1. Does A:L141 count as over 17 Å from the mean Cα position of the chain (by Cα), hydrophobic (A, V, I, L, M, F, W, C) and under 30 Å from A:R344 (Cβ atoms)?
2. Take segment A:56-76 and flag every residue that is within 12 Å of DNA strand C (Cβ to nearest atom) and outside any loop (DSSP other than H, G, I, E, B).
3. Residues A:R71, A:R116: which one is in contact with a Gly (Cβ under 8 Å, 6 or more places away or on another chain), under 24 Å from B:T13 (Cα atoms) and among the basic types (K, R)?
4. With the checklist (1) away from DNA strand D (no atom under 14 Å from the Cβ); (2) within 13 Å of chain B (Cβ to nearest Cβ) in hand, flag the one item A:R46 doesn't pass.
5. If you go through segment B:36-92 one residue at a time, how many are crowded, with 22+ Cβ neighbours inside 10 Å and of a type in the set (A, V, I, L, M)?
6. Of (1) more than 30 Å from A:G235 (Cα to Cα); (2) in contact with a Ser or Thr (Cβ under 7 Å, 6 or more places away or on another chain); (3) modelled with pLDDT of 95 or more, A:I16 satisfies all except one. Which?
7. What's the number of the only condition in (1) surrounded by 24 or more Cβ atoms within 10 Å (Cβ to Cβ); (2) within 14 Å of chain A (Cβ to nearest Cβ) that B:S98 fails to meet?
8. Scan segment A:296-317 residue by residue and report those that are surrounded by fewer than 24 Cβ atoms within 10 Å (Cβ to Cβ) and touching a strand residue (DSSP E or B) at 6+ places or on another chain (Cβ under 7 Å).
Protein chains: 2
Amino acid sequence: MRARGVNQTGGTTTIIDVAHAAGVSTATVSRVLNGDARVNPALAARVQRAVTKLGYRPSRAARTLRTQQARVWALIIPDVSNPHFTDMVRGIEDVAYSAGYSLILCNTDADAEKERTYLELALAEHVVGVILAPTSPDPSLIEEMLSRKVSIVTVDRRISSGMLDGAFVNNVAGAEQAVDHLLARGYCHLACITGPTDTTTGRDRLDGFMSALRRNGLELDDPAFVRIGDFRESGGQREMEALLSLSVRPDAVLVANNLMTLGALKAIVAAGLEVPSDMAIVGFDDSSWNAVVHPPLTCVAQPAYDLGAESARLLLSRIDGHSGPNREVMLVPTLRIRESTAERSSATHARHTVPGIRPSVDDAGGGNGRGDGKARSPQTGAATVPTPRGATSALQNRTTRSTKGARPTR
Amino acid sequence: MRARGVNQTGGTTTIIDVAHAAGVSTATVSRVLNGDARVNPALAARVQRAVTKLGYRPSRAARTLRTQQARVWALIIPDVSNPHFTDMVRGIEDVAYSAGYSLILCNTDADAEKERTYLELALAEHVVGVILAPTSPDPSLIEEMLSRKVSIVTVDRRISSGMLDGAFVNNVAGAEQAVDHLLARGYCHLACITGPTDTTTGRDRLDGFMSALRRNGLELDDPAFVRIGDFRESGGQREMEALLSLSVRPDAVLVANNLMTLGALKAIVAAGLEVPSDMAIVGFDDSSWNAVVHPPLTCVAQPAYDLGAESARLLLSRIDGHSGPNREVMLVPTLRIRESTAERSSATHARHTVPGIRPSVDDAGGGNGRGDGKARSPQTGAATVPTPRGATSALQNRTTRSTKGARPTR
DNA sequence: TCGATTTGGGAGATCGTTTACAGATCTTCT
DNA sequence: AGAAGATCTGTAAACGATCTCCCAAATCGA
C-alpha cells in the first residue's frame, strides 16, 4: 500500500483509497460512481463493494471545482418567517430534494444590499441554479449570472425586465375578484393597503384594486384610502391606524398580504371596533389561522406550495438544458369567503348596487373540516371560488395545472 | 499576457488574472484577500484595485477543497413551514450572515431517512458546522461528524446521548406553569395533547404536565386524556376529536405546539363547542395569530428567535476553537395569559382549590399594540409571566441572557 | 494469420485556491 | 564591513475529483 492509500484516521477517505482497495484506477472509480456505461460489471461490483466498505463519500468541493458546477441552488427570498414564503420553500425543497439538489437559504429582509450579497455568494459558490423572489436585484448581477450559464428563475414577484422564467400568481385578477366581492356584499367605500410599489406583487394588487373600481364605475373616495405598507405586521397595523384616524373612514379594505392583515386586524381590535360591521376586510394569502381568527377572514388564497414547486420545475428544466424562450407560469388565486366580509347590513350607507355585477357568490358556510395532512389544499371553513376570467395567463408550452407530483408528508 | 491570464469571455476570472493585473504572485493576492498582515500596503492597494477592476470573486469550491472547510452550516430542522422553526431560522440566519457563513437548508419532515441523508450531505459538503433540531439521528453519523472535526450543536430538542452543545427551552417548567395556571383558574379535569415521544420536546412537555398534576395532588382522570400527536395541525385536530368523543370529557387541555393548537381549535369549532366554557386551552408557542384568534389563546411562549441565535453562537464558538466541556443554554419560556383560559365560571364543577397555588397572575388585558418591527418580542395583548423557578438551568460559562445583538429589520 | 476495429481502463492534466518553504531585500549590531 | 535577523514575496505542491488522451486487449473479418 502506498503512503496515501490507507484510510488513515482523521483523513477523509478519498477516491484514491477506493481505487486501491478495489485494485483499479481512480478513473474507473469515477466512472462507476457516475454511471458511465462502458465499465466491466465485475469491476464495477468490486468498486461498489470497496465504496461501501470504506464508507466513501465523494467530496462535493472537488467535484464542484472540477465541473464548475455545484449541485446546489440558491434560494433568495425576502422573509423566511412569512408563511407564504415558507410554503413556497416547502414546494421548492420537495422538488429539489427529489432531484438531488440542495438549497442555500438566503433571507434578504427585502434589503437590496443583502440581496446583492447573496447573489454574489451564489456566483462564488458556483451554484447551478438560483430561485429568486426579487426585491430590487442588481441587473448587472443577473446578467453576469446568465452569461456564466447559471440558470435563474423568479418566483412570486416578477423582475422588471421580465426576461427570466418565473412562476407567479395572477395578482391583478385576485385583487379584482376581492373588490367585486366587496361591492357585491354592499361595501362601497373601499380602501387598499398594498405592499411596496417596487415589488410587482404590491403594484399588481393595487392595480387590480383600482381597475376593478373603475370597471364598476367607482372612484377612490379619498387618495388617502390607498396605503403603501411594507408587507409586515407592523406596517399593516400602522396603515390601518392611519385609515382609522381619517375623518371619513372606508367601510372595507383590501390588505395585500397575510402579515399586514394580521396587523390591520390588531389595529381594529385595539381601536375597539368590529369586523365587518365597522370595517370589512379581505386579505391576501390563506394562512392556516385565517379560519379561526375573529372573525374568520375572507381572503385571496394563493397556491404558495405550487408556486414554489412550479418555479423549481422551471429551474430544473433549464438546468437540464432546455433553451426555449422564456416561460412564465401563472397560477390562479382563489377567493375564500368567510365572515370578515359578511353582507353589509347597516342602513347608514345606502346599498350600493353596482351595474353589471350581481352577487355571483354565495357563502356556502362551514363544512369540510380537517384537511391539511397529505391532502392538496382544501382549506377549512370557506366557500371557494375559482377566479372567473382566466385572462392574463401568459404561459407558453406549459399549462397552469398544478397537480403534478403529490405533496409529501407535510 | 499569458494565454490564461486574460479575462476571456465565459471563463471565470481567477486569482491568476488578478495576480497578473497587479503584477504580483497569486500567493500575494491570496494573502491580501485573507487579510494577512505582513504584506506591503502599496502592493495590497494594487491588488485590491485589480480585484475590483476585474470583478474578481474567489471560488468557494477551490477554497473549500484546499482548506477542507466550507464556510457553510447545515441547518437540519423538521419543518420549515412551522413558525416556531422559522423564527429559529431567522435567529440562526442573522448570526450566520453577520459571521460570513451561509446556510444549507435541510427539511426532514421528521423523517429519519431524510435526516440521515442530510447528515451525509453535510459530511460530503465539508460543512464546517451543523445545527440540528433532531428527530432520530443516527448516532454513528454524529460520531463521524465529531471525529471529522465538524462542529455540531443541537437546538430545540435534545439528542438522547446528550453529548452535544445545545440551546433549549425549559419545556418541563413551561408545561408545569401551564398546568398550575389552569388549576388556578378552576379547571381540574386536565388533558394533554403532546408531541411524538421520541422527541424531547414531546416528552418533556408531557412530563411537566404529569409532574405538575402530581405535585398538586391530582391524578389523570382517564389514561385517554393523554394524547400523542404529531406536532402537525392535522394531528392536533385528530387528537382533539378523540378527546371530544370521550364519554367524560376533560375541561381543559394543554396542547404541546402551535400547529396542533390550531388543529385542536378547529376541531372544537367544528363540534360547535366554545372555548373556554366547554374546553379551556393552553398552547405552546406564541405565534403571531394567537392574539387575534377566537378566543385569544393563552400559551407558553418560547423565545424561538433567541433559541436559534443562541445555538448559532454556540456553534460559532466551537468553530472558533472553543474546546471546553459541553454547554447547554436553557432559555426560559413565558406564560402569556389570554382568554382561552378565562376563569372557570360554571357551577357544574366545584371550584377546585389547589393547596399551595394561588392565582398569582392577573389578566392585565390589552395594551402595548404594535411591536414587531425592530423591537424584541413584546407580544400583543397578553399578560406576561416569567417562569418562577429558574430550576434546570444547566448552562456553564454562559448566561441565559438573550440580549446580545439586536435583531434586524424583520 | 494478420490487420482493423472496438472496448475497457490507466496516466496525468486540470479546476482555483492556500500555504510550506525558500529566496531576496533591508536593517541592525558588532 | 560583514554577519545575523527580520521582513516581504514568489515558487510550487497540495486538496480530491473529473475527463481527455492514449494504450492494451479483445473481437472480428477476410
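1. No; evaluated as a whole, the condition is false for this residue.
2. A:A61, A:A62, A:R63, A:T64, A:L65, A:R66, A:T67, listed by residue number.
3. Every option except A:R71 fails the conditions.
4. (2)
5. 12
6. Among (1) more than 30 Å from A:G235 (Cα to Cα); (2) in contact with a Ser or Thr (Cβ under 7 Å, 6 or more places away or on another chain); (3) modelled with pLDDT of 95 or more, A:I16 violates only (3).
7. Here B:S98 meets the rest and fails (1).
8. A:A301, A:P303
The values are calculated or read from the model by the stated rules, or taken from the named source; none is laboratory data. Everything numeric in this text was worked out from a predicted model, so none of it was measured. Neighbour counts are summed over all protein chains in view; Cβ atoms, including those assigned to glycine, are modelled from backbone coordinates with ideal geometry. Ligands, DNA and RNA are stripped out before the accessible areas are found, and what is left, the full protein with its side chains, is counted by its heavy atoms. Shrake-Rupley method; radii C 1.70, N 1.55, O 1.52, S 1.80 Å.
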